[in-house]
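The values are calculated or read from the model by the stated rules, or taken from the named source; none is laboratory data. These numbers come from a predicted model, not from an experiment. Positions of Cβ are backbone-derived with ideal geometry, glycine not excepted, and every protein chain shown enters the neighbour counts. Heads up: the accessible areas ignore ligands, DNA and RNA and are worked out on the full protein's heavy atoms, side chains in. Shrake-Rupley method; radii C 1.70, N 1.55, O 1.52, S 1.80 Å.
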Amino acid sequence: MTAGVVIVGGGVAGVSTAAALRAGGYTAEVTLVDAGEFPYDRPPLSKDYLAGRATLTEIALQRPEWYDEHKVRLINRRTVSALRPGTGQVELSDGTTVTADRVVLATGGHALRPPIPGADSDRVHVLRTASDADALRARLRPGARVLVVGAGLIGAEVASTAISLGCEVHVVDPIAPPLAAALGDDIATWLHAQHAAAGIRTEQTGVTALRTDPGRIRVDFASNDDSHDFDLAVLGVGMVPDTTLAQAVRLDTDRGVLVDAARVTSNPSVLAVGDSARVRRDGRPLPRVEHWEAAQRDGQIAAATILGTAPPASSAAWFWTDRHGLHVEAVATMSDAETVIVRGELGTPPFSAFGLVGDRVVAAVAVGDSVAVRAARRLIDREIAVDPSRLGDSSVDLKKLVRG
Ligand SMILES: Cc1cc2nc3c(=O)[nH]c(=O)nc-3n(C[C@H](O)[C@H](O)[C@H](O)COP(=O)(O)OP(=O)(O)OC[C@H]3O[C@@H](n4cnc5c(N)ncnc54)[C@H](O)[C@@H]3O)c2cc1C
C-alpha cells in the first residue's frame, strides 16, 4: 500500500488529476489541498460570474458530495507551505502535515501587475480569483469609467462584460490586432473591431503611469502627453506561474515548473500540471500553455504517470473565448499556416477559417461554429489531407472531409 498522492491546488488541473486517478482505479489516499472555500472554475470569472449571472456555487468544479463519493480528501481554506521530498511529508499552513509518496503541484499562478507606477493601487484591478472578480464587480456600476489595459483574452472579456453592465469602457493595447498569432490577422482584426461596434473606445497604446487621486485614477498613455481620468483600471496583461514551492526545494524552474512529457519534475516524486507547469522537450522549455483544456489534460497525463498507464492521446491545443455574444474557438496557431481558407463569410457568424500548410490543416478558428472546430481538430490530429476548395465550400459536410 502506498502513502498516496497530495495534490497542491484545486483548479481544473488539480481536480482533473484527482478525478483521473480515481477513474483509473487508484486506491490509495488522494488529498487535494486548496486555498479557497471549494474548487471553482476560472473562465466564468470574466464572463457570467463577473456579470452577476452565476454564483460561486454554480461555478464549482465538482458537486460538494463528489469528493466523498470519490474518496478524495479535500482540505480547503489552507495552503501547502512546504514540501519535504524524500521524507514523504507535505506541510500545511495550519501546521499539520500530510504524508504522500507523490506530490502533484497544480498551483496555477497570479495575475501579473507590471512594474508601471501605480499598478498596485486600490483602483487598479486584476482578475484571477473569485475575490478579484467580487472586488471588480462592486465597481462595475452603470456609468463607471473603466480602463482595460490589455485586449487579449481576459481583458477583452472584462471589457465586454463591463459594457454590458452599462459602464463607459476604454480598452488599450500596444499590439494591433491582439491575438493575431492565434487567430490570424483578419479574424483578430474583425474580433477586436467588435469592441468599437459595442460602444467601447479602443486605442493602440500602452500605459506608462496610473496615479490614484481621491475618487479617480489618472492614467498616462504612451501615445500622448495628456492624462486621462477613470474610476478604475483593470489589468489583463498576463499571469505569473506560481513556482514558490518548487523553488523552495530546488526543482528545475524557468517561468514555470519544468516537467517532462509525463509531467514529472526534476524530482521523480513530484509532478506539476496546469498553468504553473512548463514542458521541457529535448532539454528545451516549450512555451507555457494557459488554457483550460490543457490544464485539464495535464491532470489526466499526471494521473496516468502515477497509475503507470498510457497517457490520453495528444490533440492540437484548443481554447475558447466569449465576448459581445460571440463564441470564438481556436485550435493550434494560425500564424503557423501558409494559406487560410474561410468557410462562410468572415464577419458574419457562424463562420470559420482553416490554416493550411500544403494540403494539411494546421490550425483553425471558428466564430459560433463548434462543429468546424471539432472537425479541424480531427483533421489536424489525424493529419488528413484535404481539398482546399471543398474545405471552403459550406455545402460540403465537414464530416465527409474528416473521413478522408
Ligand atoms: C478570468 C479568467 C478567464 C479565463 N477564461 C478562459 C477561457 O475562456 N478559455 C480558456 O481556455 N481558458 C480560460 N482561462 C484560463 C484557465 O482558466 C486556466 O488555464 C486554468 O484555470 C488553469 O488551471 P490550473 O488548475 O492550472 O490553475 P488555477 O486555476 O490557477 O488553480 C490553481 C489553484 O491552486 C491554489 N494554490 C496555489 N498555491 C497553493 C498552495 N501552496 N497550497 C494550496 N493551494 C494552492 C490556488 O488557490 C488555485 O485555486 C481563464 C482564466 C481566467 C483567470
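Among the residues of segment 199-242, those that are of a type in the set (A, V, I, L, M) and in a strand (DSSP E or B) comprise Val207, Ala209, Leu210, Ile217, Val219, Leu232, Ala233, Val234, Leu235, Met239, Val240.
The set of residues in segment 70-94 that are touching an Asp or Glu at 6+ places or on another chain (Cβ under 6 Å) and part of a loop (DSSP other than H, G, I, E, B) comprises Asn76, Arg78, Gly88. Note on segment 261-288: among residues that are among the polar types (S, T, N, Q) and in contact with a Pro (Cβ under 7 Å, 6 or more places away or on another chain), the one that is nearest to the ligand (Cβ to nearest atom) is Ser276.
From the list Ala330, Ala317, the one residue that fits, being aliphatic (A, V, I, L, M), touching a Leu at 6+ places or on another chain (Cβ under 8 Å), within 12 Å of the ligand (Cβ to nearest atom) and under 25 Å from Pro43 (Cβ atoms), is Ala330.
Ile75 meets all of the listed conditions (1) touching a Phe, Trp or Tyr at 6+ places or on another chain (Cβ under 8 Å); (2) closer than 16 Å to Ala106 by Cβ; (3) open to solvent by less than 50 Å² (accessible area, probe 1.4 Å); (4) within 11 Å of the ligand (Cβ to nearest atom) but one, namely (1). Flag: Val371 does not match the condition of being buried (at least 22 other Cβ atoms within 10 Å of the Cβ) and out of contact with any Ser or Thr (no Cβ under 6 Å at 6 or more places or on another chain).
Counting only residues that are assigned to a loop (DSSP other than H, G, I, E, B) and of a type in the set (Asp, Glu), which one in segment 1-55 is nearest to the chain's Cα centre (by Cα)? Filtering first and then ranking leaves Asp41.
Which members of segment 95-105 meet the condition of being open to solvent by 70 Å² or more (accessible area, probe 1.4 Å) and either assigned to a loop (DSSP other than H, G, I, E, B) or over 19 Å from Ala272 (Cα atoms) (or both)? Passing the criteria: only Thr97. The set of residues from segment 224-240 being touching an Asp or Glu at 6+ places or on another chain (Cβ under 7 Å) and without any contact (Cβ under 8 Å) to a residue 40 or more places away in the chain comprises just one member, Ser227.
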